[in-house]
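This report refers to the structure that appears directly beneath it.
The values are calculated or read from the model by the stated rules, or taken from the named source; none is laboratory data. The shown structure was predicted, so the numbers you read here are calculated from the model rather than taken from an experiment. Neighbour counts run over all protein chains shown; Cβ positions are idealised from the backbone, glycine included. Heads up: the accessible areas ignore ligands, DNA and RNA and are worked out on the full protein's heavy atoms, side chains in. Shrake-Rupley method; radii C 1.70, N 1.55, O 1.52, S 1.80 Å.
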Amino acid sequence: MIELEGVPELVDPVMVAAFEGWNDAGDAASAAVAHLEREWKGEVFAALDAEDYYDFQVNRPQVWLEGGVRRITWPTTRLSVVRVGETGGRGRARDLVLVRGIEPSMRWRSFCNELLGFAHELGVEMVVVLGALLGDTPHTRPVPVTGTTSDADLARTMDLEESRYEGPTGIVGVLQEACGHAGVPAVSLWAAVPHYVSQPPNPKATLALLNRLEDLLDMRIPLGELPDDARAWQLGVDQLAAEDSEVAEYVQSLEEARDTAELPEASGEAIAKEFERYLRRRDGQPGQPGGHASGGTTATEGGSYLRGTSGVPGRPARPQEPREPVEEPQEDESAPEHRDGPGKRDGPEDQEGPDTSGGRDDG
């Protein structure tokens, strides 16, 4: 039963959701929603009953101490609300309903229906689901983020791609389909994460998702320390990759494939979009960007970023379980084997990308 005591009347609310697990390579999507909660001090107003949707042998509860008293935190999905216009908007008050949790183990249709029940009660105008997939994309280039929808009219009006993917899907795809049946406009934003450096966190992919969300919703999002974290992450991966000549050659082959594929897209329109974002950020906040992301992880804090069984930089290892489908780019015959980590690209998700440089999934 939905109880919304204490939730104020919302202004033009948009629901932004992300789920840990299969749809969240490098934890990039869930970290993006966590960043929004932190920067805008989101207040949790509801949580789904963990007993209904989670297998606790798969997602185990956590025990912690509070004043010497043992407490248990159960895996679940929580909803919070933030008023954007008061802290970082562009002169227009707008509320976000943030949904962050774990992909459920069971009863997916009931799970989606419960979230849509909240959306209906809160007057949500649109649902945006964030995801991240593994693909053949180099860490040295901008993170490809693709926006997809199953609504042809929405695709035209918001400059999105209409979903054509067929194959295995996750909760992102199921939720988007449920939104379509309920008549709620829904969009998926997918970031492509290099498969050879898929360990979380990936602040560069998180930053790319937030930038794309900014453009989609026409608002300014405070980034805090995230840009610095993204630069530190890339520097750390650069250093680790440089220690292995085969990895360096492989990264170079991905760079060449990406640059060749994107050459026709280096247009005035792309430059104009970047300039518009710069102006929005400059006009929205004259001083330093507001807020600070807590505890940004740099490249040196979590050990090796490169995927490998020993944790020592080396050749990428072989993926164990497919994640998101992304079409194969043309690779150099001399490139080293790299299908070595969990989440090989030719597996799941709901919106397949046209190529590895623009990987998209789950529409």
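Points worth noting:
- Search result, residues across segment 93-107 that are touching a helix residue (DSSP H, G or I) at 6+ places or on another chain (Cβ under 8 Å), in contact (Cβ under 8 Å) with a residue 60 or more places away in the chain, more than 17 Å from E121 (Cβ to Cβ) and open to solvent by less than 70 Å² (accessible area, probe 1.4 Å): R94, E103, P104
- Residue in segment 54-69 that is closer than 18 Å to L216 by Cα, among the aliphatic types (A, V, I, L, M) and at pLDDT below 95 present: no
- In summary, A18 fulfils each of the numbered conditions (1) out of contact with any Leu (no Cβ under 6 Å at 6 or more places or on another chain); (2) surrounded by 24 or more Cβ atoms within 10 Å (Cβ to Cβ); (3) closer than 20 Å to T146 by Cα with the single exception of condition (1).
- Qualifying residue in segment 139-153 (condition: without any contact (Cβ under 8 Å) to a residue 40 or more places away in the chain and open to solvent by 50 Å² or more (accessible area, probe 1.4 Å)): yes
- When E276, E214, E262, E249 are screened for being at pLDDT 90 or above, charged (D, E, K, R), more than 18 Å from the chain's Cα centre (by Cα) and surrounded by fewer than 20 Cβ atoms within 10 Å (Cβ to Cβ), only E249 passes.
- Any hit, segment 224-243, residues being without any contact (Cβ under 8 Å) to a residue 24 or more places away in the chain and at positive phi: no
- Test: R220 is in a loop (DSSP other than H, G, I, E, B), surrounded by 20 or more Cβ atoms within 10 Å (Cβ to Cβ) and basic (K, R): yes
- All of V187, V174 fail the test of being open to solvent by less than 20 Å² (accessible area, probe 1.4 Å), under 25 Å from V81 (Cβ atoms) and modelled with pLDDT of 95 or more, apart from V187.
- Strands (runs of 3 or more DSSP E) fully within segment 89-188 that include at least 3 residues being farther than 27 Å from G42 by Cα and of a type in the set (K, R): none found.
- Meets criteria (modelled with pLDDT under 90, of a type outside the set (V, I, T) and either in contact with a Phe, Trp or Tyr (Cβ under 7 Å, 6 or more places away or on another chain) or closer than 20 Å to V16 by Cβ (or both)) for G224: no
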